[in-house]
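The values are calculated or read from the model by the stated rules, or taken from the named source; none is laboratory data. In this text, all values refer to a predicted model and were calculated from it rather than measured experimentally. Cβ coordinates were reconstructed from backbone atoms using ideal geometry, including for glycine residues, and neighbour counts include every protein chain displayed. Surface accessibility is based on the protein's heavy atoms, side chains included, excluding ligands, DNA and RNA. Shrake-Rupley method; radii C 1.70, N 1.55, O 1.52, S 1.80 Å.
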Amino acid sequence: MNKSEQLIHEDSKYFAKPGRIKYYPLAISHGYGATLVDIEGNTYIDLLASASSQNVGHAPKPVTEAIKAQVDEFIHYTPAYMYHEPLVKLAKKLCEISPGSYDKRVLFGLSGSDANDGIVKLARAYTGRPYIISFVNAYHGSTYGSLSMSAISLNMRKHYGPMLPGFYHIPFPDNYRGMFGNTQPNSVDEYLAPLKEMFEKYVPADEVACIMIETIQGDGGLLEPVDGYFEALQALCKEHGILLAVDDIQQGLGRTGSWSSVTHYNIEPDLITFGKSLAGGLPMSAIVGRSEIMDYLEPPAHLFTTGANPVSCEAALATISMIEDQDLLSASTEKGDYVRQRMDQWESQYQSVGDVRGKGLSIGIDIVSDKQNKTRDADAALKICNYCFDNGVIIIAVAGNVLRFQPPLVITYEQLDTALDVIENALRDLESGKLDNYNIDGQGW
Ligand SMILES: Cc1ncc(COP(=O)(O)O)c(C=O)c1O
């Protein structure tokens, strides 16, 4: 057994099964930029960015230095009782960079999941209404509230239900496949029909507190919406006094080329959640929203002892500064455009590439066995992933068959070229049957 195998064996004795989706035997030693090094000394190009929590790259100096400076001052004092400057500076900054032309407030948490739970509390309290609507295929997190909003995997439902009451799910306005097995996307009106029927028959619209969206459905398969859907949805929300909330935990903070992915659409959500890359990967999440909603509840309605940890706050401030100083928002757009010049051609060059989609460096490559019917090919996607791993590139598949291309925004053009070469070799080998021997048993979502 080499060191990695030993570690992984030891891990299996102590770390419980539900905490990891099986992929590769990769035991990390360290990282820099978009490079990962395992404990054997092998280097990899990271196209996963730790599930988009490393947008500014691995161990960037400005962030590590900010962390080190803060730990020498004080590691924590709970915002539940006292004040500290890193919290105030970060809350102010988040109000500045978040979309919305209204007066804002911020609440902090430790994970994307708890931020989305906060949305449920705030929306129910402010509107005095019980129901929450989100989308089929959504992933909003692993706590009961965020899980109740999610609808992506039976393994996230089985054996520990029931979920919270009052949650409903509607079809995501997928711009590639349509509803109920349609190969073509539906129209905005067709996608809105299940919601309207819900309002007519079994969920009174004036009892709905909030509709929660992911602008690009991340773990659901990097799905983009049909044009005009979110705008029509917001109009419907306004008509019925329903709040619109956006989960920007995966798509925010530069991933799609802007601070918030909301700016790609003509909508103004009332509430928005950030997490993942916010503090460069330290545990931290934030809800940003209209001040009258955010200030509605009385304390201690939504607080966490280790929330707004000053080390995380300083890491977040350094992360945001790094995005500004290195213009990583433009970099995301430009690098996204660069890879798409090549990837978009794969749709006509390779039988297995059904669709390439996304914004900035949030890209999904939809692997299919039959292009006309858009038949998902999860096995092929996993074989491609394994080939990439064997050739020094880390990429995973979401929704079974969609390659998730979300590297750190600091990835170099040289690394992008290498990664594209490796993925393209995998596509070629897949089609000539050379990947047939990969054993993908038990891997993936
Ligand atoms: C869109 C979205 N929301 C929420 C979450 C949950 O975040 P966390 O794992 O930090 O709780 C995730 C995580 O993958 C996500 O992609």
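To keep it simple, each residue is scored yes or no on (1) in contact with an Asp or Glu (Cβ under 7 Å, 6 or more places away or on another chain); (2) closer than 30 Å to Lys17 by Cβ; (3) among the hydrophobic types (A, V, I, L, M, F, W, C); (4) assigned by TED's automatic domain parsing to the domain that holds Trp259.
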site	(1), (2), (3), (4)
Lys359	no, no, no, no
Lys371	no, no, no, no
Val393	no, yes, yes, no
Asp436	no, yes, no, no
Residue in segment 131-141 that is away from the ligand (no atom under 16 Å from the Cβ), farther than 28 Å from Asp219 by Cβ and modelled with pLDDT of 95 or more present: no
Being open to solvent by less than 10 Å² (accessible area, probe 1.4 Å) and within 16 Å of the ligand (Cβ to nearest atom) is the filter here; which residues of segment 293-313 pass it? Gly307, Ala308, Ser312
So, in segment 350-393, of the ones that are outside any loop (DSSP other than H, G, I, E, B), open to solvent by less than 30 Å² (accessible area, probe 1.4 Å) and among the small types (Gly, Ala, Ser), which residue ends up farthest from Val339 (Cα to Cα)? Ala380
Among (1) touching a helix residue (DSSP H, G or I) at 6+ places or on another chain (Cβ under 7 Å); (2) away from the ligand (no atom under 14 Å from the Cβ); (3) within 19 Å of Pro194 (Cα to Cα), Glu231 falls short only on (1)
For segment 66-74, check the following and say yes or no: at least one residue is among the acidic types (Asp, Glu), surrounded by 16 or more Cβ atoms within 10 Å (Cβ to Cβ) and either within 23 Å of Leu297 (Cα to Cα) or over 18 Å from the mean Cα position of the chain (by Cα) (or both). no
Taking segment 234-253 and keeping residues β-branched (Val, Ile, Thr) and within 16 Å of the ligand (Cβ to nearest atom) leaves Val246, Ile249
Residue in segment 254-292 that is nearest to the chain's Cα centre (by Cα), counting only those that are open to solvent by 10 Å² or more (accessible area, probe 1.4 Å) and within 15 Å of the ligand (Cβ to nearest atom): Lys276
Could you give me the residue pairs with C-beta distances under 7 Å whose first residue belongs to segment 282-299 and is at pLDDT 95 or above, whose second residue is assigned to a loop (DSSP other than H, G, I, E, B) and surrounded by fewer than 18 Cβ atoms within 10 Å (Cβ to Cβ) wherever it lies, and which are 6+ apart or on separate chains? Arg290/Tyr102; Ser291/Asp103
Give segment 84-102 a look and list any residue that's touching a strand residue (DSSP E or B) at 6+ places or on another chain (Cβ under 8 Å) and over 19 Å from Asp248 (Cα atoms), or say none. Leu87
When you look at Arg124, is it in contact with a strand residue (DSSP E or B) (Cβ under 6 Å, 6 or more places away or on another chain), within 23 Å of Leu243 (Cα to Cα) and in a loop (DSSP other than H, G, I, E, B), yes or no? no
Checking the structure you have, find out if any residue of segment 155-163 is of a type in the set (Lys, Arg), away from the ligand (no atom under 16 Å from the Cβ), modelled with pLDDT of 95 or more and at negative phi. no
When Ala49 is evaluated against the numbered criteria (1) at pLDDT 95 or above; (2) at negative phi; (3) under 24 Å from the mean Cα position of the chain (by Cα), which criterion, by number, is the only one it fails? (2)
Any residue in segment 180-200 that is closer than 25 Å to Gly444 by Cα and not hydrophobic (A, V, I, L, M, F, W, C)? yes
Screening Leu192, Leu164 for residues that are open to solvent by 30 Å² or more (accessible area, probe 1.4 Å) and out of contact with any strand residue (DSSP E or B) (no Cβ under 8 Å at 6 or more places or on another chain) leaves only Leu164
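Sort through Ser4, Ser12 and tell me the only one that's open to solvent by 40 Å² or more (accessible area, probe 1.4 Å) and among the polar types (S, T, N, Q). It would help to see each step written out before you state the result.
On the way: Ser4 fails: open to solvent by 40 Å² or more (accessible area, probe 1.4 Å).
Only one candidate passes the filter, namely Ser12.
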Go through the residues of segment 21-44 one by one and say whether even a single one is touching a strand residue (DSSP E or B) at 6+ places or on another chain (Cβ under 9 Å), within 16 Å of the ligand (Cβ to nearest atom) and either open to solvent by 70 Å² or more (accessible area, probe 1.4 Å) or free of Cβ contacts under 8 Å to residues at least 60 places away in the same chain (or both). yes
Can you tell me how many residues within segment 408-426 are open to solvent by less than 60 Å² (accessible area, probe 1.4 Å) and either assigned to a helix (DSSP H, G or I) or small (Gly, Ala, Ser) (or both)? 10
Checked Arg129, Arg124 against criteria (among the charged types (D, E, K, R), over 22 Å from Ala51 (Cβ atoms) and crowded, with 20+ Cβ neighbours inside 10 Å); the one match is Arg129
Within the set of pairs 6+ apart or on separate chains, which have a first residue in segment 323-345 that is of a type in the set (Asp, Glu), a second that is surrounded by 18 or more Cβ atoms within 10 Å (Cβ to Cβ), and C-beta atoms under 6 Å apart? Asp344/Val356
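Out of curiosity, is Asp219 farther than 17 Å from Val398 by Cα and either within 16 Å of the ligand (Cβ to nearest atom) or over 25 Å from the mean Cα position of the chain (by Cα) (or both)?
no
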